[in-house]
1. Test of understanding: among A:K7, A:K69, A:K33, A:K2, which residue is open to solvent by 60 Å² or more (accessible area, probe 1.4 Å), within 26 Å of A:L226 (Cα to Cα) and either modelled with pLDDT of 95 or more or out of contact with any helix residue (DSSP H, G or I) (no Cβ under 8 Å at 6 or more places or on another chain) (or both)?
2. Mind checking whether some residue in the stretch B:165-173 is at pLDDT below 80 and exposed (fewer than 15 other Cβ atoms within 10 Å of the Cβ)?
3. Here is a check on your reading of the model: is A:I91 at pLDDT 90 or above and out of contact with any Lys or Arg (no Cβ under 7 Å at 6 or more places or on another chain)?
4. Within the stretch B:477-501, track down each residue that is open to solvent by less than 10 Å² (accessible area, probe 1.4 Å) and part of a loop (DSSP other than H, G, I, E, B).
5. Within the group A:S38, A:S83, A:S120, which residue is hydroxyl-bearing (S, T, Y) and farther than 23 Å from A:L247 by Cα?
6. Return the pairs, sorted by first residue and then second, in which the second residue is open to solvent by 80 Å² or more (accessible area, probe 1.4 Å), the first residue lies in the stretch B:163-175 and is farther than 16 Å from B:I201 by Cα, the beta carbons are less than 8 Å apart, and the residues are 6+ apart or on different chains.
7. In the stretch B:515-539, which residues are open to solvent by less than 50 Å² (accessible area, probe 1.4 Å) and assigned to a strand (DSSP E or B)?
8. Any residue at all in the stretch A:174-187 that's part of a helix (DSSP H, G or I) and over 17 Å from the mean Cα position of the chain (by Cα)?
Amino acid sequence: MKIPFSKHDYRFYLLSVLLLFLFGISSSFAETKLTLNSGTAEPFITADGGGFYGVLVKEIFSRLDIDAKVLRLPSSRSLINASKGIDAGVIARTKGIDKKFKNLIRVPSPIVKFKFVAYSLDKKIKVANWESFKPYSVGMIRGWVLYEKNVKARKISKVSGPEQLFKLLMNRRSDLILFEYYRGSWWNKHLNAQAHLIGSPIAEKDMFLYMNKKHADLVPKITKVLEELKLDGTYQRIKDETLSKYLNK
Amino acid sequence: MVAKITKRSRTSARLILYIILFSSLITLFITLTQLYFEYNEKITNVNNNIKNIKTGYIHGITNSVWLDDKKQLLAILEGINALPDIEYIEVVVDSKLYFSSGKKLTENVVRSSFPLHYEYDGKLLNIGTTFIEADLSGVYRKLINRTWVLLGSNAIKTFLVVIFMYFLFDRLVFRRLNQIFNFVQQHDIRNLDKRIDMNQINSGHKSDEISGIADALNIMQEHLNLSLTELLQLKTTLDLSLDAVVMFNPDGYQFFYANTGAAKLLGYSVEELMTMTPGDICLDFGEENFTNLINIIRTNIEHATHIETIFNHRSGRRIPVKIILQYINPENEEPRYVLIARDITQRKENDLILLKSLEKTKVASAAKTKFMMSMSHELRTPLNAILGFSQLLELDADTLTSNQNDSVKDILRAGRHLLELVEGILDLSKIESDNIDILFELTNPVNLLDECVKNVYLMASIKNIKLENKTTGISLPEISIDQTRFKQVMLNLLSNAIKYSANGSLVTLTCDLLPMNIIRFKVSDTGYGIKASEQINVFTPFNRLGHEGGMIEGTGIGLSITKRLVEMMNGTIDFHSREGKGSDFWIDFSYPEDSSFLKVKKS
């Protein structure tokens, strides 16, 4: 007479149940969704959530089995939303804003390095430090504290955004303009401004990902994954695919 | 004149006052209503402004807050703040003031708020609240100005309406009413013949209610005049009546009216009588007696009494009076007593004389009756002797000559007539002196009637008179009579009928039952009848109704005795006669209710 369940059968079923249980857990992890934001624009983040930050965030959080996306917001709103917990975190903020926004926790590993540079239609103009702007008329975006604080120039024109900034240059109402390297390259190409990068970056600043307190447990994990990405070349690959293609050659 | 003006002025003033009061109330009500609606309109406008701000600016405010663009937000808020009535606007984020514009108000303010919603990442986020304050001071200021304008214009309107109304009423009503009022005021009882001048009242006006009033007053005046004339006539009649008439109230009995008759009778003036009571003019009307009398009058059916009493003249003379004292209690009038007194001094004196004469007459009558009774008795004795001897002589007729026989017959006839006369006088005397006895017994009259007819049968047959007795064999009730006197009565009636009827006539005896349990015995003849002029003396003694000295013998006292006897038996006698046609004489008796006859009849 045949026994309905043999000893092997029993083990097989037990294993199946265990696998199903684990699959269920992993499935439930994969279903977690997070929204992050960024106050920066192209090429770091595009309107459809792509760009450097979009791809990088997806990569980081997919390694943590989290479905994450990045939305583009006005600068102030991005901090407010992250601070209030409307969004899980904010990307590309300088070190130290967590002193003002107590709900934010910085991921220690920088997510990108901003390079503050100058563009001009005139290749002959050379600048090396803050003092070298003095003979020129300079354009800058209103509210960029670094420039507003340090630049001494013959004439300073402040505009509301990148497009106005490049228009200033293109209309020759300014000898040179001050902007961030990657974004400047994107706008130069986008507006076909024919501007030239003048000298080397005047300043550089690491930009970080900040997470809301609610997600404090994720910060070490994100740090770890980000380090791994940098080590395994994924970070560079994404940077090349999303940022380097806009750089002036 | 002053009173007239005052009266008119008061009504006008009241009218003006009422119009002003009413108009003011209406004005106030209308003003308040208008203000209320205007206030509502203003408030609605303010609310609409706020609503428009909500719809027009909420997107911009929300975006500015979302972008944290305070500059943009300031521009929007300042724009809103510049709108009419909007004094203050603020945006609150996370329960903290985010941004504001204008000055916060403490009073006369309408506050409104609306949340700022922003759709982000598929969710609707509440990113703050906007508060708007609208200042109502301007609205109130406008309303106050409007109030003055409305009140002022309405006051002018009211004033003009009052003036117009006063003019209208004065012309249409007051002047005409004043004319009527003047007439009525000057009017008194002495000039009831005056009338309101309708031409003056209707001057320039159509016939209306006021002319109707004047007409009605004129008609009333006419009726009053007529009534007054009648009243004065009645009063004059009453005043001048020879009888004394006084009236007094139930309370205290003091006279409130006395006529000149009363004044003359009692020797007081009318004014003096007004202070007096019945007790002052009559000793019998002492307080207790008079109150008893009054109570009797008030409780009896007639509310009146007739009494004779003595009044005291002012001089102390006593006046015998007959009075009628009556309680009068007409509907809608005060109850009162009227006392009518007639001086009966003369009548009393006459009564005294009459009484004395009556006494004398009674004495004389008694003497006469006594005389006649004794005379009759004295006459009858020798008369019976004469008749007895005459009858003896008549029996010996063969021994007498023819002339002697005739003389005997004459003696007998004259003697019988004389005896009849004497017996009649004797009967009459007995009746008049109440010396006759009536023996009542219940009797069936049929047999008595039959007997009477038989008794006169010979007498009728001598004159060839047909005597018809219709009572033979009929059923009659028993009546209470004296049988002897009844027979005497019936015989008298039958013998009279035969005596005063021509030869060959018809005499009929009938008996009828009348209503009210009356039985009537009637003797009818077709004889000579009685002259109308003589019929009044039918029952007068010794009156032969024109047959004196005639061929028919009689004493003239039969019907007198018959009448007395019938009345003594509680019956009545009457007759009907026409000269040359005959007479009907009848006597009526009542028979008892429980008569066996009736019982038989009913069964």
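The values are calculated or read from the model by the stated rules, or taken from the named source; none is laboratory data. Just so it is clear, the model here is predicted, and its values are computed rather than measured. As a convention, Cβ positions derive from the backbone with ideal geometry for all residues, glycine included, and neighbour counts pool all protein chains shown. Heavy atoms of the whole protein, side chains included, go into the accessibility calculation; ligands, DNA and RNA do not. Shrake-Rupley method; radii C 1.70, N 1.55, O 1.52, S 1.80 Å.
1. A:K33
2. Checking the stretch B:165-173: not a single residue is at pLDDT below 80 and exposed (fewer than 15 other Cβ atoms within 10 Å of the Cβ).
3. Yes, satisfied.
4. Result: B:P477, B:S501.
5. A:S83
6. Taking only residues 6 or more apart or on different chains, not a single pair turns up.
7. Answer for the stretch B:515-539, where residues must be open to solvent by less than 50 Å² (accessible area, probe 1.4 Å) and assigned to a strand (DSSP E or B): B:I518, B:I519, B:F521, B:V523, B:S524, B:D525.
8. Within the stretch A:174-187, not a single residue is part of a helix (DSSP H, G or I) and over 17 Å from the mean Cα position of the chain (by Cα).
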